1. Please go through segment 199-214 and give me each residue that is more than 16 Å from TYR241 (Cα to Cα) and either crowded, with 19+ Cβ neighbours inside 10 Å or among the polar types (S, T, N, Q) (or both), ordered by number.
2. Only one of ASP137, ASP166 is in contact with a strand residue (DSSP E or B) (Cβ under 9 Å, 6 or more places away or on another chain), closer than 28 Å to THR239 by Cα and outside any loop (DSSP other than H, G, I, E, B). Can you tell me which?
3. Do the conditions hold for ILE38, that is, is it part of a strand (DSSP E or B), surrounded by fewer than 22 Cβ atoms within 10 Å (Cβ to Cβ) and in contact (Cβ under 8 Å) with a residue 24 or more places away in the chain?
4. Between residues in segment 218-230 that are without any contact (Cβ under 8 Å) to a residue 24 or more places away in the chain and basic (Lys, Arg) and residues that are part of a loop (DSSP other than H, G, I, E, B) and crowded, with 16+ Cβ neighbours inside 10 Å, which pairs lie under 9 Å by C-beta distance while being six or more apart or on different chains?
5. Can you name the residue in segment 83-99 that is touching a residue at least 12 places away in the same chain (Cβ under 8 Å), within 12 Å of PHE144 (Cα to Cα) and not hydroxyl-bearing (Ser, Thr, Tyr) and, of all such residues, is surrounded by the fewest Cβ atoms within 10 Å (Cβ to Cβ)?
6. What number of residues in segment 1-28 are surrounded by fewer than 23 Cβ atoms within 10 Å (Cβ to Cβ), outside any helix (DSSP H, G or I) and at pLDDT 95 or above?
7. Take PHE104 and tell me if it is out of contact with any Asp or Glu (no Cβ under 8 Å at 6 or more places or on another chain), closer than 16 Å to LYS147 by Cβ and at pLDDT 95 or above.
8. Here is a check on your reading of the model: is ARG240 closer than 30 Å to GLY286 by Cα and not in a strand (DSSP E or B)?
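The values are calculated or read from the model by the stated rules, or taken from the named source; none is laboratory data. Source: prediction; values computed, not measured. With ideal geometry, Cβ positions are generated from the backbone for all residues, glycine too; neighbour counts draw on all protein chains shown.
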Amino acid sequence: MTRGFITLATGDEKYYRFARNLLMSYRLYTDDPMPFAIACDRENAVTALFDQVILLKDPQNSFWDKFQLFETSPFDEAIFIDADCLAYKDLNAYWDYFAQADDFSGSGTNYPLNSQKGLFQINDIGEYGDRVRWKPDICGGLYFIRKGPTCSALYRLCQDIIANYDAYRWPDYCAPKADEPVLCLAMAVLGLRATEADPTNYGIPWEATSMEQDIFTGKCRYATDWHPLVEGKLIHFSTRYCMKPVYLFEEEKLNLMLRKHLRPGKDAVRLDPVNKLLYQYKLRYGWLWLKDFSRRAFQKLLRIAKKALDRAA
């Protein structure tokens, strides 16, 4: 039986950059790296870094392209991780987490049908309403895939739901489209369950009430409204946060480690005085923050000026 990790990158070059950063952070933090594949729409210098390349057929968008992996994964068992994540611990621990999972699963929870929580409501899913017994609710960034008839059926069902996506009602926060509600509905129809979420699996910046991360040392701590401060394995930044200083600073530190062949240290990596000042004492982060703040302030001034001109006209 073969096992490995998979991520996805299509379209804009930035997604390939994110995928490369995920791969490199994974390899930094494990002594026994497993094969890591990338699903993509073209081959390039980034895909050459991966152990296997899966060229997608007619890629549509990053949400729904993931579903092709249910049939095209090169591994008997695979763990999918979104490209906009960085590893801070050995992610091979996820295999223990998914040890008892169904043939397809994700990190999350399973709500009863009468719950107001979840990614669909029983009265909003048309012909599927009579076919579900619970409501899986999973994170879109971490999946387990075991190839076989179940995942093939899941793929076909996801395609049917996509074809009629606008006929059903989804939560407003899933607008305009998202892979999670499609997957959760298809899972429910096939009797598949989410694997109960472990807060240490991943942190998400917009959910965190506090968060600290340092790829030099593996520090990855976060708390939310529903769990206290924990030491995590991974941060799922999302594309939006990957354009912000919080991710860009970690990316620069990762690249510095790769250039200088540095390994993560319990206290800190060994840096020369200049890089110590820039990265350990965060002068570079301050510059990235100031640059981002100035950009946003300038854009806001432009919007205010445009509104004033429109009123004057």
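1. Hits for segment 199-214 are THR200, ASN201.
2. On the way: ASP166 fails: in contact with a strand residue (DSSP E or B) (Cβ under 9 Å, 6 or more places away or on another chain).
Criteria check complete, one pass: ASP137.
3. So ILE38 does not fit the description; no.
4. Listed pairs, sorted by first residue: ARG221/GLY232.
5. So the residue we want is TRP95.
6. Final tally of qualifying residues: 3.
7. Details: out of contact with any Asp or Glu (no Cβ under 8 Å at 6 or more places or on another chain): yes; closer than 16 Å to LYS147 by Cβ: yes; at pLDDT 95 or above: yes.
Yes, satisfied.
8. When the stated conditions are applied, ARG240 passes them.
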